[in-house]
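See structure below.
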């Protein structure tokens with residue numbers, strides 16, 4: 001951990017200079033090489049090498065007529081990714097907060113990242129005793145209600161990888177995933193922590209692709225079979241509301 005922190009504190013000069021060039025385009029959408037050099041203080045030969053690299057990677061484009069540079073498609077895609085993340089955050093927060101208040105349990109929105117799940121957003125419940133999960137925390141995908149939802153409704157590649165890793169348990173995993181798809185939600189009882197029960201449901205974008213898993217977790221004493229049945233309805237409803245809100249927000253406008 002210490003080594004990783006030490007390495008993260010180091011900087012690559014060439015990368016910093018390339019970022020200096022990209023920063024130039026925050027104020028102007030197009031400029032000649034001379035202006036880029038004047039703004040950054042980089043030598044012409046180095047600036048040309050960096051500009052050529054950024055253009056080759058799709059971050060900048062050179063106008064063939066004027067030889068001025070302007071932002072490329074990669075920057076547009078990064079901007080869109082940033083907007084989608086922050087839009088999701090704004091839309092998801094109220095739904096998570098309402099679910100936490102209704103159930104008393106902490107509500108979390110998970111996404112898949114490789115064969116791990118990440119707690120992207122979280123709202124704490126009203127109970128004094130609750131399980132500690134922090135935003136950004138990574139967890140294994142081999143157990144838990146949200147993990148089963150992400151596998152069941154996520155990419156086929158993830159399912160294949162998890163089945164391949166399951167070894168002798170692959171039949172059990174496939175059966176559980178089929179049940180999650182059939183029911184539209186997942187329940188786990190003591191899969192990660194012996195006394196912890198959890199419920200999760202899928203959240204979809206307007207294109208029908210999986211955005212993540214919305215769920216709650218709490219002690220078995222507060223999530224017994226009777227309470228789980230009631231909580232499932234609330235979670236499925238919350239996931240459906242969030243899916244519809246994401247769809248309304250992301251759906252393309254109709255042409256006039």
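Can you name every residue in the range 218-243 that is modelled with pLDDT under 90 and not in a loop (DSSP other than H, G, I, E, B)?
Of everything in the range 218-243, those that are modelled with pLDDT under 90 and not in a loop (DSSP other than H, G, I, E, B) turn out to be 218, 219, 225, 226, 227, 228, 229, 230.
Could you grab me the full set of residues in the range 37-62 that are more than 16 Å from residue 78 (Cα to Cα) and touching a strand residue (DSSP E or B) at 6+ places or on another chain (Cβ under 7 Å)?
So the first thing to find is which residues in the range 37-62 are more than 16 Å from residue 78 (Cα to Cα), and the list is 37-53, 56, 62.
Result: 51, 62.
Of all residues being loosely packed, with under 14 Cβ neighbours inside 10 Å and within 24 Å of the chain's Cα centre (by Cα) in the range 127-137, which is farthest from residue 103 (Cα to Cα)? Just the residue, please.
Going through the qualifying residues, I end up with 136.
Quick one: is residue 75 touching a residue at least 24 places away in the same chain (Cβ under 8 Å) and buried (at least 19 other Cβ atoms within 10 Å of the Cβ)? Don't jump to the end; show me each part of the working.
On the way: touching a residue at least 24 places away in the same chain (Cβ under 8 Å): yes; buried (at least 19 other Cβ atoms within 10 Å of the Cβ): no.
Spelling it out, it is not the case that residue 75 is touching a residue at least 24 places away in the same chain (Cβ under 8 Å) and buried (at least 19 other Cβ atoms within 10 Å of the Cβ).
Is it the case, given these coordinates, that residue 124 is out of contact with any strand residue (DSSP E or B) (no Cβ under 6 Å at 6 or more places or on another chain), surrounded by 14 or more Cβ atoms within 10 Å (Cβ to Cβ) and within 23 Å of residue 98 (Cβ to Cβ)?
Working: out of contact with any strand residue (DSSP E or B) (no Cβ under 6 Å at 6 or more places or on another chain): yes; surrounded by 14 or more Cβ atoms within 10 Å (Cβ to Cβ): yes; within 23 Å of residue 98 (Cβ to Cβ): yes.
Here the answer is yes, as residue 124 does meet what is asked.
Anything in the range 49-87 that is touching a helix residue (DSSP H, G or I) at 6+ places or on another chain (Cβ under 7 Å) and more than 17 Å from residue 25 (Cβ to Cβ)? List them, or say none.
87
If we only count helices (runs of 4 or more DSSP H) wholly inside the range 14-115, which ones have 1 or more residues that are within 19 Å of the chain's Cα centre (by Cα) and farther than 30 Å from residue 185 by Cα? Step through it out loud before you land on a result.
Working: elements: 33-40, 44-56, 73-103.
Passing ranges, in order: 73-103.
Where the second residue is modelled with pLDDT under 85 and in a helix (DSSP H, G or I) and the first is within 17 Å of residue 186 (Cα to Cα) and lies in the range 158-174, which pairs have Cβ atoms under 6 Å and are six or more apart or on separate chains?
Sorted first by the residue in the range 158-174, then by its partner, the pairs are 173/166.
Go through the range 164-196 residue by residue and tally those that are touching a helix residue (DSSP H, G or I) at 6+ places or on another chain (Cβ under 7 Å) and under 30 Å from residue 87 (Cα atoms).
Going through the range 164-196, the residues touching a helix residue (DSSP H, G or I) at 6+ places or on another chain (Cβ under 7 Å) turn out to be 166, 170, 173-174, 176-177, 180-181, 184-188.
Narrowing the set further to residues that are under 30 Å from residue 87 (Cα atoms) leaves 177, 180-181, 184-188.
Here the count works out to 8.
The values are calculated or read from the model by the stated rules, or taken from the named source; none is laboratory data. Just so it is clear, the structure is predicted and the values come from calculations on it, not from any experiment. Cβ: placed from backbone, ideal geometry, glycine included. Neighbour counts: every protein chain shown.
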